[in-house]
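To start, the structure itself, in structure tokens.
The values are calculated or read from the model by the stated rules, or taken from the named source; none is laboratory data. Keep in mind that what you see is a predicted model, and the values were worked out from it rather than measured. Using ideal geometry, Cβ is built from the backbone for each residue, glycine included, and neighbour counts are taken over all protein chains shown. Note: areas computed on protein heavy atoms with side chains; ligands, DNA, RNA excluded. Shrake-Rupley method; radii C 1.70, N 1.55, O 1.52, S 1.80 Å.
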Amino acid sequence: EKMKAIPVNNPDGTVTLKLILEENSPVTDFTIEGNTVVSTEEILNTLMDMKGKPQNIAQLNQAIAEIQDIYNSKGYILSRVESVSDDPDGTINIKIKEGVVNSIAISGNEKTKDFIIARNIMTEPGTVYNENQIKEDLVRLYATQAFKDVTREIEPTADDPDLYDVTINVQEQRTANISVGGGLDSVTGVFGSIGIADNNFRGRNQRVSLNGLVGSGVILNDASIKRRMNMQAELSFFEPHFLNADTSLMAK
């Protein structure tokens, strides 16, 4: 960074331009501040080639880009190198802001209870935002079959731009259905059936179904079988988190 040019007059009337250069101070050490989800050792691996050599801005910028790539490859897309400074003794100080989740809000649900959505979101306030984790949370919400669309929004907080508010937007789908059918069968005879089901019963992601069938009875003549009406009914109930634990209950 330090250089100067001094013109020297020659006897023949020409000028010799003398360039005086001073190399940057050699890099003696590094300090890393703010990293919690990526180890200091992994970050230092991108910097150690500069140690003992004059500080090179191009190399330093390349190392900063590699640090960003390390965070991005692990899903920490909001992390960034906030500042780089150097001490007179040649120590380079790197400060990192990793992008911490300030709050998680839920929006768009009308039937589904908030706690049903929240228990499928593993991302928590106070943790470093991870896009891979959020994607898993969204897939988990899709798997409940209660939503036809799930998205996320990220905004920095008004008080601290290094903290982020995450909003999970859900668009519910119709989960209740009624089915009616009928036909002719050699065992049940002329029959009619009806079914009622709800995959998000009471907005708690419980699944309830009631199916019934009534038939006139056996059509083919068989002396060993009495000709009588055939009636069937089945009630089923599924609770994905029985007693709020990671245990499901199915009853029929």
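Given DSSP loops and a limit of at most 10 other Cβ atoms within 10 Å, what is the longest stretch of the chain that contains no such GluC sites (Glu not before Pro)? Could you put the intermediate results ahead of the total?
Details: sites that count: GLU1, GLU110.
After excluding every exposed loop site, the longest remaining stretch is 111-252.
For VAL218, the residues whose amide H sits under 5 Å from its own are ARG228, ignoring neighbours fewer than 5 places away on the same chain, with H placed 1.01 Å from N.
Within the straight-line cut-off of under 30 Å between alpha carbons, the lysines reachable from LYS2 are LYS18, LYS51, LYS53, LYS95, sequence neighbours fewer than 8 places apart in one chain being disregarded. Are there any trypsin sites (Lys or Arg not before Pro) in the range 150-220 that are in a DSSP loop and have at most 13 other Cβ atoms within 10 Å? List them by number. Hits after loop and neighbour filter: ARG174, ARG202. Over the chain, Cα pairs under 8 Å with separation of 6+ residues give a relative contact order of 11 percent. Here the Karplus curve 6.51 cos²θ - 1.76 cosθ + 1.60, taken at θ = phi - 60°, turns the phi angles of the range 165-170 into couplings of 9, 10, 10, 9, 9, 10 Hz, with x standing for Gly and Pro. Measuring between their Cα centroids, the range 165-206 and the range 30-52 lie 56 Å from each other. Compactness of the range 99-194 was expressed as the Cα radius of gyration divided by 2.2 N^0.38 Å, which yields 1.66. Backbone amide hydrogens, once placed in the peptide plane, bring SER25 within less than 5 Å of GLN55, excluding anything fewer than 5 places away on its chain. Dimensions of the chain along the principal axes, based on C-alpha atoms and rounded to the nearest Å, stand at 135, 38, 29, largest first.
Against the chain, whose longest principal axis comes from its Cα atoms, helix 131-142 is set at around 10 degrees. Amide hydrogen proximity for ILE77: with H placed 1.01 Å from N in the peptide plane, the residues at 5 or more positions away or on another chain lying under 5 Å are GLU131. The charge dipole of the chain, taken about its Cα centre with unit charges on the Cβ of Lys, Arg, Asp and Glu (plus for the first two, minus for the last two), comes to roughly 1880 debye.
Hey, what did the range 92-211 get for relative contact order, percent, Cα under 8 Å, at least 6 apart? Mind dumping the intermediate values first?
Numbers: 216 pairs, mean separation 31.0, N = 120.
With pairs under 8 Å counted, the relative contact order is 26 percent.
Remark: the range 104-117, residue by residue, has Karplus-estimated 3J(HN,Hα) of 10, 10, 10, 9, x, 7, 10, 9, 5, 5, 4, 5, 5, 5 Hz, where x stands for each Gly or Pro and the curve is 6.51 cos²θ - 1.76 cosθ + 1.60 at θ = phi - 60°. Accessible surface for the chain, divided over its residues, is 63 Å² per residue with a 1.4 Å probe. With the convex hull of its Cα atoms as the shape, the range 1-151 has an orientation-averaged projected area of 14.2 nm².
Can you classify the range 124-252 as rounded, prolate or oblate using the Cα gyration tensor, where a ≥ b ≥ c are the square roots of its eigenvalues, rounded means a/c under 1.5, and otherwise it's prolate if a/b beats b/c and oblate if not? Write out the running numbers ahead of the final one.
On the way: a/c = 5.05, a/b = 3.50, b/c = 1.45.
Cα axes put the range 124-252 in the prolate bin.
Think of each Lys and Arg Cβ as +1 and each Asp and Glu Cβ as -1; about the Cα centre, that makes the dipole of the range 17-128 roughly 500 debye.
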